[in-house]
Amino acid sequence: MRRTRIVATIGPASESEEVLLGLVAAGVDVFRISMAHGDIPSNIERLRRVRAIAPDVALMVDIPGPKIRACSFGTVAVPLIVGHRLEMVEGFDETSTADRIVVEREGILHGIKVGDRVHVGDGGTSLEVVEVGSKVVLEVMAGGNVMGKPGLSLPSSALNDRLPTDDDRARLEALRDESFEILAVSFVRSAFDVVSVRTVLARPDVMIMAKIETSEGIANIDEIVAVCDSVMVARGDLGVRLPMEEVPHLQKMIVRRGVRYARPVVVATQMLESMTHAHVPTRAEVTDVANAVLDGASAVMLSGETAIGDDPVRTVQTMDRIVQRAEESFDYRGWGSGLDIHQVGDDDRRTTRITAAITGAAWRAAMEEKAVAIVACTRSGMTARAISRFRPPMPIVAITPKESTARQLRASWGIDRILLSPYNDIDDLCDFAVTEVVRAGLAKSGDPIVIMAGSASGGAQITDTVRMVIVP
């Protein structure tokens, strides 16, 4: 049973009913819809279509933040040759050429200075600013072919937008009444960004996922993770804005910080990039996916591979096999032993510490008594996510009365989900849990099961009960 989740991006190659159902059968847990491409109505229509076809899969909507794009270079590749100099100007509905890059953002060039680097697309093509004045002149330092409307990675000094941007506010307002579980927010640089987006969205039932892809995001990682609900290691821009040799180490750090706070952590970008068109991945890509699993990631994500790739279903099947094999080598006991059992991140609130302590005790009891399953009875999903941070080797079963919580937990490591009607009596709840675990084939008579439940305390939900039950 695979514990690490798979996120697949929906696009022209994967939005048909046949392919969507094939992706579900292949093992996709979360479908991602990027609002960086297409207009708001078309993205809303795609969101509704995916929900109708795959109602049990979690939906992640990704808003682009201050993502900068060039006006179109056209449909024929335009070569940018090393040493060539060209202008960069602001404009809309114009054409970019080998001599002139038109940027679709008013005022964006005011923060540019000589010596800054500008990266095109995935960063393989880069230019350096050599002149600033009546015009901005760049010299091509690393050449390549560009086409369409590629993204531009400009220095952080030029990205002075607060989140959410005006464009993202319009997206959030359109999304307010739609059915989805996770909102991924690009270019998060501070806790204030997360709080601002959450306030504008005004949907407490939606998880906010902070995409870490700037030096500011790295510097403020603890405060960001403390206020968000989930984290993404967005390696595309992260590898452009920071030295690429730092990315593997930053990935490990972000995963560890996120899991410590009981936040699901997604590792993204170019995981099986060659499978956009190839039938098999490179050996390096296989190793990359496996290493993300061994790093402790909650989920691994596919972008262009499933959005525009030749065979999205084959790609997910391949990722599924890689992940399952990597999980066979995961150090479950070592991971859990390395966590501070009594604390979730740096949150020193008593309710949080109680949840941390109870889930820590549940993990220890399950390991020492070789429990066959850990059951988390939860409304918000927090109890299940708190025990998931220990990465126990036995199944985690979340029992919840909320369908939205059940779908959100599909982004969390190792959690199976069972829906039930609300229970007020803890004994009845435990009896139901045992019955369902046995029915699922996870336990038999004489097996030990650890069960956790919570209650309301001072207006907050806390996990305050843990039981060891022997199946009768």
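The values are calculated or read from the model by the stated rules, or taken from the named source; none is laboratory data. Everything quoted here is computed from the prediction, not taken from an experiment. Virtual Cβ from ideal backbone geometry, glycine too; neighbours counted across all protein chains shown.
Structure notes:
Yes/no per residue for (1) outside the structural domain of Asp205 (by TED's automatic domain parsing); (2) among the hydroxyl-bearing types (Ser, Thr, Tyr); (3) within 26 Å of Arg349 (Cα to Cα):
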| residue | (1), (2), (3) |
| --- | --- |
| Met367 | yes, no, no |
| Ala373 | yes, no, no |
| Ser380 | yes, yes, yes |
| Phe390 | yes, no, yes |
| Leu409 | yes, no, yes |
| Ile415 | yes, no, yes |
| Glu436 | yes, no, no |
| Gly441 | yes, no, no |
| Gly454 | yes, no, yes |
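- Residue among Ala54, Ala25, Ala58, Ala36 that alone is at pLDDT 95 or above, touching a Lys or Arg at 6+ places or on another chain (Cβ under 8 Å) and of a type in the set (Gly, Ala, Ser): Ala58
- Checked against (1) buried (at least 17 other Cβ atoms within 10 Å of the Cβ); (2) part of a strand (DSSP E or B), Asp122 meets all criteria but (2).
- For the range 273-299, filtering for residues that are out of contact with any Asp or Glu (no Cβ under 9 Å at 6 or more places or on another chain) and of a type in the set (Val, Ile, Thr) leaves 4.
- Complete set of residues in the range 81-106 that are among the hydrophobic types (A, V, I, L, M, F, W, C) and farther than 20 Å from Pro155 by Cα: Ile81, Val82, Phe92, Ala98
- Summed over the range 431-448, residues that are among the basic types (Lys, Arg) and in contact with a Leu (Cβ under 7 Å, 6 or more places away or on another chain) total 0.
- Of all residues making up the range 52-105, the number that are closer than 30 Å to Glu18 by Cβ and surrounded by 14 or more Cβ atoms within 10 Å (Cβ to Cβ): 10
- Filter result (of a type in the set (S, T, N, Q), out of contact with any strand residue (DSSP E or B) (no Cβ under 6 Å at 6 or more places or on another chain) and either outside any helix (DSSP H, G or I) or outside the structural domain of Leu172 (by TED's automatic domain parsing) (or both)) within the range 23-74: Ser72
- Residue satisfying condition, being more than 21 Å from Phe73 (Cβ to Cβ) and in contact (Cβ under 8 Å) with a residue 40 or more places away in the chain, within set Ala184, Ala191: Ala184
- Counted residues, the range 409-443 - those being more than 13 Å from Val375 (Cα to Cα) and buried (at least 18 other Cβ atoms within 10 Å of the Cβ): 5
- For the range 178-196, a residue qualifies if it is within 22 Å of Ser42 (Cβ to Cβ) and modelled with pLDDT of 95 or more, and the qualifying residues are Glu178, Ser179, Phe180, Glu181, Ile182, Leu183, Ala184, Val185.
- Residue tally, condition in contact with a Phe, Trp or Tyr (Cβ under 9 Å, 6 or more places away or on another chain), under 12 Å from Val188 (Cβ atoms) and at pLDDT 95 or above, over the range 201-216: 1
- Contacts under 6 angstrom Cβ, first residue in the range 250-268 being among the hydroxyl-bearing types (Ser, Thr, Tyr), partner surrounded by 24 or more Cβ atoms within 10 Å (Cβ to Cβ) and not in a strand (DSSP E or B), 6 or more apart: Tyr261/Val225; Tyr261/Val344
- Looking only at the range 1-22, and only at residues there that are surrounded by 21 or more Cβ atoms within 10 Å (Cβ to Cβ) and not in a loop (DSSP other than H, G, I, E, B), the one that is farthest from the chain's Cα centre (by Cα): Leu20
- Residues that are of a type in the set (Val, Ile, Thr) and either more than 21 Å from Thr352 (Cβ to Cβ) or free of Cβ contacts under 8 Å to residues at least 60 places away in the same chain (or both), drawn from the range 384-442: Ile396, Val397, Ile399, Thr400, Thr405, Ile415, Ile418, Ile426, Val434, Thr435, Val437, Val438
- The criterion of at least 2 residues that are in contact with a Leu (Cβ under 7 Å, 6 or more places away or on another chain) and among the basic types (Lys, Arg) is met by none of the strands (runs of 3 or more DSSP E) falling completely within the range 161-265.
- Test: His110 is exposed (fewer than 14 other Cβ atoms within 10 Å of the Cβ), in contact with a helix residue (DSSP H, G or I) (Cβ under 9 Å, 6 or more places away or on another chain), more than 30 Å from Val313 (Cα to Cα) and not assigned by TED's automatic domain parsing to the domain that holds Ile418: yes
- Which listed residue is of a type in the set (A, V, I, L, M, F, W, C), under 27 Å from Leu154 (Cβ atoms) and buried (at least 23 other Cβ atoms within 10 Å of the Cβ), from Val227, Val233: Val233
- First in the range 71-84 and polar (S, T, N, Q), second anywhere and assigned to a strand (DSSP E or B) and surrounded by 13 or more Cβ atoms within 10 Å (Cβ to Cβ), Cβ under 9 Å, 6 or more apart: Ser72/Val102
- Residue list for the range 364-380, filter: touching a residue at least 60 places away in the same chain (Cβ under 8 Å) and either basic (Lys, Arg) or part of a loop (DSSP other than H, G, I, E, B) (or both): Glu369, Lys370, Ala371, Val372, Thr378, Arg379, Ser380
- Search result, residues across the range 87-127 that are over 16 Å from Gly148 (Cβ atoms) and among the polar types (S, T, N, Q): Ser126
- The single condition among (1) in a strand (DSSP E or B); (2) modelled with pLDDT under 90; (3) of a type in the set (Val, Ile, Thr) that Ile354 does not satisfy is (1).
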